[in-house]
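Throughout, read-outs are computed from the coordinates displayed, never taken from laboratory work. Note that the structure is predicted; figures quoted are calculated from it, not measured. Positions of Cβ are generated from backbone atoms using ideal geometry, with glycine treated the same way; all protein chains shown enter the neighbour counts.
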């Protein structure tokens, strides 16, 4: 799995994780993957909403070692 | 038989009035769903408050909506103009604000959990209480990793959010235009903003 960019939003609260992901998505190409690491529990629902609203694909949404890890594919 | 009813019976089945009505219903639903799916949602906010706590709703909603790909317009009026200053110096006052939690942002966890209910009489008398409360609020926001207003404002603008402001308020309170950020798209009045608000999907008064 080739991750084009990793966004570390640990310690940041709503709406920063989403804003950071949006910025990162704008810089990568179609079909590329972005990884987001966040500690904000609200980011789980936020990422679902972000992907359904923007048409990007939420490939993975996991909890790892006290943080939430997401993989988004740009469409 | 009249000419009309003769023509009707001569029409093929799918062109009969009932069939045509059913077809129109179906087509209309399809077309409306298509338009709905292709539409870009829009948000219009009228921001009227200038305190630190009330600065958050317009910028969090605005920046998040832009992140979701929405069209965002925010009209700043009255005290909302404070949010457009180059030098943001926003304060917060707990006076008369019984809903504001007064928790100390330092010390051990059990200490931080205490909500200090300070009576209005004390808040009103103690000099510098607002400064203290503002300082505590800022520290709390920082501790919890919440973005600053300046940061949220910048992100909203960067993502294409349209910030417009009330010209009348400038005249009313004697503001100097140089005090405001240059990114304000337009200085307008209510009549100019209302049409935008009318067309928006979500229209908020903050």
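Connecting C-alpha atoms closer than 10 Å in a GNM of chain B, tell me which of B:182, B:57, B:119 has the biggest fluctuation.
Taking springs between Cα atoms under 10 Å, the residue moving most is B:119.
Relative contact order for chain B: what percent, with Cα pairs under 8 Å and sequence separation of 6 or more?
Rounded, it is 29 percent for chain B.
If you build a Gaussian network model of chain B, linking Cα atoms that sit under 10 Å apart, which residue out of B:109, B:154, B:82 swings the most?
Looking only at B:109, B:154, B:82, the largest GNM fluctuation is found for B:109.
Please arrange B:140, A:27 by counting, for each residue, the other beta carbons lying within 10 Å of its beta carbon, fewest first. All intermediate terms of the calculation are to be shown ahead of the outcome.
Details: B:140 16, A:27 11.
Least to most surrounded, the residues fall as A:27, B:140.
Return the inverse of the average 1/r over all pairs of distinct C-alpha atoms in the stretch B:41-205, which is the Kirkwood hydrodynamic radius, in Å to one decimal.
In the stretch B:41-205 this quantity evaluates to 17.2 Å.
Say each of residue B:13 and residue B:93 gets a label point 7 Å from the Cα, pointing the same way as Cα to Cβ; how far apart are those two points in nm?
Result: 7.7 nm between the two label points.
For peptide B:144-150, how many partner chain Cβ atoms fall within 10 Å of a residue's Cβ, on average?
The mean count of partner-chain Cβ atoms within 10 Å per residue comes to 4.
Under the 0.36 nm per residue contour assumption, what length would be gained going from the current alpha-carbon distance of residue B:114 and residue B:187 to full extension? Display every interim value, and only then the final one.
Numbers: separation 73, 0.36 × 73 = 26.28 nm, distance 4.48 nm.
Full-extension gain reported as 21.8 nm.
Against the longest principal axis of chain B, how steep is helix B:17-38, in degrees 0 to 90 to the nearest 10, with axes from Cα atoms?
Long axis of B:17-38 versus the principal axis of chain B: about 30 degrees.
How would you rank B:204, B:32, B:84, going from fewest to most other Cβ atoms within 10 Å of each one's own Cβ? Numbers along the way, then the final one.
Details: B:204 16, B:32 10, B:84 21.
Ordered from fewest to most neighbouring Cβ atoms within 10 Å, B:204, B:32, B:84 come out as B:32, B:204, B:84.
Over the whole of A:10-18, what's the average partner chain Cβ count within 10 Å per residue? Rounded to a whole number, please.
5
Using the number of other C-beta atoms within 10 angstrom as an exposure proxy, rank B:179, B:53, B:29 with the fewest first.
Starting with the residue having the fewest Cβ neighbours, the order is B:29, B:179, B:53.
Helix-only estimate, please: 222 nm mean residue ellipticity of the protein assembly as shown, summing -39500 (n - 2.57) across DSSP H runs of length 4 or more and dividing by its residues, to the nearest 500.
-13000 deg cm²/dmol
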